[in-house]
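In what follows, a single structure is set out as structure tokens and then discussed.
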Amino acid sequence: MRKFKKILSEEEKNITTALHEEISRLEPVVQPMVTHVIKAGGKRIRPLMTVLMAKALGRNDHEVYSMASALELLHGASLMHDDVVDGAEKRRGSPAAHTVFGASRSILAGDVLLASCMRIVLRSRNFDIIESVAVAAEKTAAGEVEEINNLRNPALDYAGYLRIITGKTAWLIRCACEIGAMSAKASPEQIAAAANFGLELGVAFQLVDDALDIAPEKVTGKPTGGDLREGKVTPLINFYMESLQGKERKDFMQGFTNASFSEQEIAAIVARMRELKCDERTRELANQHLRKAEECLKLIPAGQEHDILFSMIDYIRDRDH
């Protein structure tokens, strides 16, 4: 594990270097905003998947890092837009970009990141890669729209929830793995396996992320019960509703739909969710997708990168922040 952590640290440094190279090419007026959001972007999961998959299938050069950075820029664009739409004040413990630079500037800077992503991908001159990234951008935005359409809709079922998170989260991770395999000129079967691995990993990632919604803020850097406040229907909400009967269920649905819960009520609901182990049940749903991801890796050649990709399954399974 120490060896894996060292390799991951080195890869993250290489990705960060490539990111800064691409950010330096942007118009100076947007660079402070872009740098702010990229710094708060987390573990670089998406570009890391591209690099690891490309290396696992035989490609290892600087262009892989440049292409991987494109996906982090696309992810950054979605974060900037999401935080404005959600009215989020923090992003991983740091002020959200729109609270520092304003909503209008943040939205426009997000648009710049989207354009920059496509410019980088175009340098590959590989139309399959270009299409994969374009589809990922489309799916991500559509997933966000569908989530907005279903805010405060307690009737949303699990199938609807899966459709939303497949679009807003999983498809970009799917794309990261797919273009890594495409860039290595892997076989069609390997490219499909890489894409499916990313999809299952992405769904599991979002499920675990939603499970962490009732974890303490000091652990996650995000307000506890944020999804409940924002009216996002997740498995935790569904599991909690299953425990309610009669007037209690009716009152919860009314409060959820009308956004009328007090902070005391939210704290009580979160505490009850923990008692009911709604987070653990959500993690078990994630494990079902992680097991599918394991199967996909059977078509990826054995080696150091394969082992690290496999370790990403454990990372998501055990993630606590």
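With contacts taken as Cα pairs under 8 Å at a separation of at least 6 residues, the chain carries a relative contact order of 20 percent.
A Cα-only calculation for the stretch 196-321 places Rg and Dmax at 17.1, 57 Å.
Once the Cα gyration tensor of the stretch 1-84 is diagonalised, what are the square roots of 5 times its eigenvalues, in whole Å and ordered largest first, as equivalent ellipsoid semi-axes?
24, 14, 11
With all projection directions averaged, the alpha carbon convex hull of the chain covers 15.8 nm². In the context of the full set of protein chains, residues of the chain present 46 Å² of accessible surface per residue (probe radius 1.4 Å, heavy atoms only).
The alpha carbon centroids of the stretch 16-37 and the stretch 214-291 are separated by 37 Å. The alpha carbon centroids of the stretch 146-200 and the stretch 65-101 are separated by 19 Å. So between SER187 and GLU295, what do we pick up on full extension, going 0.36 nm a residue minus the alpha carbon distance? Gain on extension, SER187 to GLU295, equals 37.2 nm.
Counting only DSSP H runs of at least 4 residues, each contributing -39500 (n - 2.57), and dividing by the residue count of the chain, the helix-based mean residue ellipticity at 222 nm comes to -24000 deg cm²/dmol.
Work out which helices of the chain, taken as complete DSSP H runs, extend at least 24 Å along their axis over the Cα atoms and score a mean Kyte-Doolittle of 0.0 or more, then list them.
In the chain, the long hydrophobic H runs are 62-86, 103-122, 127-149, 188-211.
Test of understanding: what is the full-extension gain from GLU12 to LYS90, defined as 0.36 nm times their sequence separation minus their Cα-Cα distance? Stretched out fully, the GLU12 to LYS90 stretch lengthens by 25.8 nm.
Using just the Cα positions, wrap the stretch 241-314 in a convex hull and report its mean projected area in square nanometres, one decimal place. Write down the numbers at each step before the final one.
Details: hull surface 28.6 nm².
Taking the Cα atoms of the stretch 241-314, their convex hull projects to 7.2 nm² on average.
On the basis of the beta-carbon distance and an R0 of 56 Å, ALA215 and ARG125 show a calculated FRET efficiency of 0.80.
Semi-axes of the equivalent ellipsoid for the stretch 126-188, computed as √(5λ) from the eigenvalues of its C-alpha gyration tensor and ordered from largest down, come to 29, 11, 6 Å. Here the accessible area of the stretch 201-321 is 51 percent carbon and sulfur, with a 1.4 angstrom probe and all protein chains present. Here the spin labels are modelled as points 7 Å beyond Cα on the Cα-Cβ line, and at ARG152 and SER24 they lie 4.8 nm apart.
Among VAL37, VAL84, VAL219, the largest mean-square fluctuation in a Gaussian network model of the chain, built with springs joining Cα atoms closer than 10 Å, belongs to VAL219. The listed peptides 145-155, 170-180, 53-63, ordered by packing as a protection proxy, come out as 170-180, 53-63, 145-155 (highest mean of other Cβ atoms within 10 Å first). Averaging over all projection directions, find the projected area of the Cα convex hull of the stretch 221-269 and quote it in nm² with one decimal place. For the stretch 221-269, averaging the hull's shadow over all directions gives 3.4 nm².
Every Cα-Cα pair of the stretch 37-164 was included, and the share exceeding 23 Å stands at 41 percent. Ligands, DNA and RNA aside, ASP157 has an accessible area near 90 Å² when probed at 1.4 Å.
The values are calculated or read from the model by the stated rules, or taken from the named source; none is laboratory data. Given the structure is predicted, the values throughout are model-derived calculations rather than measurements. As a convention, Cβ positions derive from the backbone with ideal geometry for all residues, glycine included, and neighbour counts pool all protein chains shown. Heads up: the accessible areas ignore ligands, DNA and RNA and are worked out on the full protein's heavy atoms, side chains in. Shrake-Rupley method; radii C 1.70, N 1.55, O 1.52, S 1.80 Å.
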